[in-house]
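Asker: The following block contains the structure, expressed as structure tokens.
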Amino acid sequence: MAEERGRGRRNRDREEEQSEIVDKLVGINRVAKTVKGGKNFGFAALVVVGDQKGRAGFGKGKAREVPEAIRKATEEAKRNMVRIPLREGRTLHHDGKGRWGAGKVVLRAAPPGTGVIAGGPMRAVMEVLGVHDVVGKSLGSSNPYNMVRATFDALKEQASPRTVASKRGLKVQDVVGRRTDGASEAGVVEA
């Protein structure tokens with residue numbers, strides 16, 4: 001009896017978590033398989049999902065019908081979600097570069113009020129991730145699959161001051177303080 005109650009609560013929590021997830025369709029392609037009798041047409045979908053609080057993922061799905069392809073892609077994206085640390089819940093901690101195949105992207109942290117300055121697939125990833133202020137530039141391939149993967153590659157580089165401090169065995173103030181001190185010292189030229 002107690003197990004059933006516990007399991008029910010776990011399922012309810014999972015349903016609440018799933019209801020908060022936002023998904024965006026990035027691209028859909030008609031694909032064809034040539035067979036003896038002609039061509040079999042299907043659809044390939046690319047979807048990004050996120051909770052707009054620092055978790056996001058992407059997935060792709062293929063099926064004979066568009067809704068089924070989107071459903072498969074969404075399920076895969078939910079399974080492949082990763083957590084990205086955000087500064088103040090609105091922007092990135094630092095600039096980052098990502099690459100996947102011929103797709104290259106550059107992401108830059110931005111001050112409040114900037115908005116999401118990024119195109120197509122990159123914008124979709126940032127919106128589902130919950131980033132409100134960022135500047136992104138795609139260099140290279142405009143293929144949505146490569147751009148999404150390159151964007152996630154750049155996001156996986158992100159490290160919060162807390163994680164950097166724990167790796168180095170320092171306090172968070174030491175890491176953040178050094179960042180601001182280093183910027184001021186770089187401008188000073190000693191005679």
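Asker: Please work out how many pairs of lysine residues in the range 85-183 are eight or more positions apart (or on different chains) and have Cα atoms closer than 26 angstrom. Walk me through the numbers on the way to the answer.
Answerer: Values: Lys97/Lys137; Lys97/Lys156; Lys97/Lys167; Lys104/Lys137; Lys104/Lys156; Lys137/Lys156; Lys156/Lys167; Lys156/Lys171.
Summing the qualifying lysine pairs gives 8.
Asker: Based on DSSP, what percent of beta bridges with both residues in the range 85-183 are antiparallel, to the nearest 5? Numbers along the way, then the final one.
Answerer: Working: 13 of 15 bridges.
Within the range 85-183, antiparallel bridges account for around 85 percent of the total.
Asker: Sticking with this structure for a sec: Let's test this: bin the Cα-Cα distances of the range 85-183 at 10 Å from zero up to the farthest pair and state each bin's percent.
Answerer: 16, 44, 28, 11, 0
Asker: Could you tell me the calculated FRET efficiency between Ala159 and Arg64, based on Cβ-Cβ distance and R0 = 45 angstrom, to the nearest 0.05? Could the numbers behind the result be given before it?
Answerer: Numbers: r = 43 Å, r/R0 = 0.96.
Once the sixth-power term is evaluated, E becomes 0.55.
Only the coordinates and a few stated rules stand behind these numbers; no lab work does. Model, not experiment: these values are computed from the prediction. Heads up, the Cβs are rebuilt from the backbone with ideal geometry, glycines too, and the neighbour counts pull from every protein chain shown.
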